[in-house]
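The values are calculated or read from the model by the stated rules, or taken from the named source; none is laboratory data. Remember, predicted model here, so these are calculated numbers, not experimental data. Cβ sites come from the backbone with ideal geometry, for glycine too, and all protein chains shown count toward neighbours. Just so you know, the surface numbers come from the protein's heavy atoms only, side chains and all, with ligands and any DNA or RNA stripped out. Shrake-Rupley method; radii C 1.70, N 1.55, O 1.52, S 1.80 Å.
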Amino acid sequence: HANNARQISHSYPRHEATEKQSRAHVHNAVTATDNHQPPLPVRIALVSTATALATPSFPALGFLYLVLRVTIPDANLRNVMEGRWGALVSFTTWTLLPTLYHGAVASLILPCAIGNAIVAGGVYGVVDLACGGPSSTSSESLNKVLQTPWITGSGIGATVGYIAPNYLYGPVMEYIYTMEGMSQSIHYVMSFPYATEVSVATGAVAGMLLHPFLYYPMNGVKGLHWGYFSGAALAAVSAALFYVYYGREEVGLPVPEGSFIEPSKMGIVDSIVRYNNVSGEVETYSLNNEQYIGSSELCLEGRRIAEASCSFAKSGKVVFDDRVLAFVYNYWDANVKTRYPDHILNIKTEEDLQLTQNSMALTDASVAVILNNERYGTDQTGSTRTDNNKDMMQILTTIDELNSFNKGQKSLSLTFRYLEDVSVAIELLMIIKQSKQECLSINVKVPTLERFIHRRCPELTIYTSDEQYKDESVESQLRIANWKGPELSQAMNRWKNVHEQETYRTWESRA
């Protein structure tokens, strides 16, 4: 009987172990067939992305904990705060928390979110492997630990609250935002009283709160493939991450007004209003891209940006084409300008843009007059038909009206009365250049024509060799327009009339 009793007593554990193995085998078979539980990499990604998304709220939790930590041990502070806890919670929820999720502040918190996500995902992966996964039946005690918010959630959160600030925030900020010396600064901040305690406590509370939200995405829904639920949850959290840190217009590190210009805006910042001889419209011409980029409203927008940057630069500071460098330069390290000189912008002043715009406007107008003369011809006396050039007069007037920086300068529309005479000299000059003849029968020399043109319209750019920007000169534009010019005798007659009138006006003026 004793031997039988010993055999029976030894058979029960083997039977129970066999039964547990059978249940685990059946559960694993069902899970393998069902595929409702996401794989480990997806579970780690869920923890990391959720932690990064919740990171802006951690300072609010830390603020509440710090107030409690300081208030509760002090009887006087407890009396002061009596009846005011509701206002404190309301301020944290409706004022502090939305501010932390604001675009500029969220951009500042981004390195912290990356550090928290790395630690949270890594620690969860280790815990998950140690416990055998969220649906493991090999050890009920380990599975219970993994499913308990105040054990796993708080434990992972507390670990994140200690490791990330002390070892990751500084290096991540230095790598992303080129903020040299940030690691030492973070260590200095964490050495303050209560700093590590507040960070660890905040992480523990945040981890415990996040744990229930991640229960179903981590375990899945039976009968539903993990991609339809857990995968959709991961996609939604990832989209929310992109929106919070990148997807909004106001997202970006806070920088002083005028200290940063987006590279995509440089085309309109260095731009002028210019007449397009191809389209026949007044358009915005980018000096950077050396091409027309749109309507004249773009130029006005660019002038406003340039004005703000010029005002900022007058204080002796520099303007960057990179927001991160502008932030670091203005709030952290002024020596960043010596390390990244290629990102410093040289903004043209209003006067420079005005001179360039006037030069191109008169050059384009003279080309348009010449092309109109070729298209519509001249009258019997050899003079140009002014009616054909009324449009050019209106164009110059329009440029004057759009240009708000011509204070104290002569109006372009008033200069137009010289352009018809100047265009006659340009026509003859271009014909002489094309025929490579320095002197004609009446002894008209190239220097004589050039002096006449520059005396009447000194802003004009005549030759390709004098161009500051591509194809801005009269010579280049006429070549592109495939201009042939009038007959030599006709050009000479026009110049003769202009020269006689000029001589008469000179003698009249002297008299």
Out of segment 173-282, which chymotrypsin sites (Phe, Trp or Tyr not before Pro) are coil in DSSP terms and have no more than 13 other C-beta atoms within 10 Å?
TYR194
Leaving ligands, DNA and RNA out of it, work out the accessible area of GLU283 with a 1.4 Å probe and give it in Å² to the nearest 10.
40
Give LYS265/LYS314; LYS348/LYS445; LYS348/LYS470 a once-over and call out the pairs whose C-alpha atoms are over 26 Å from each other.
LYS348/LYS445
Mind grabbing the accessible area of THR338 for me, 1.4 Å probe, Å², rounded to tens?
100
Expressed in angstrom and rounded, the centroid-to-centroid distance over alpha carbons for segment 103-140 and segment 271-307 is 51
Ranking by accessible area, most exposed first, for LYS433, LYS496 with a 1.4 Å probe
LYS496, LYS433
Given backbone amide H placed at 1.01 Å from N, residues whose amide H is under 5 Å from that of GLY252, ignoring those fewer than 5 places away on the same chain, are ALA104, SER107
So which trypsin sites (Lys or Arg not before Pro) in segment 28-136 are both in a DSSP loop and have at most 12 other Cβ atoms within 10 Å of their Cβ?
ARG84
Please arrange ARG451, ARG303 by accessible surface area, largest first, computed with a 1.4 Å probe and ligands excluded.
ARG451, ARG303
Length released on extending from ILE344 to ARG78, taking residue separation times 0.36 nm less the Cα-Cα span:
90.4 nm
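Just to verify a number: FRET efficiency for VAL221 and LEU96, C-beta to C-beta distance, R0 = 41 Å, to 0.05?
Efficiency computed from Cβ-Cβ geometry: 0.70.
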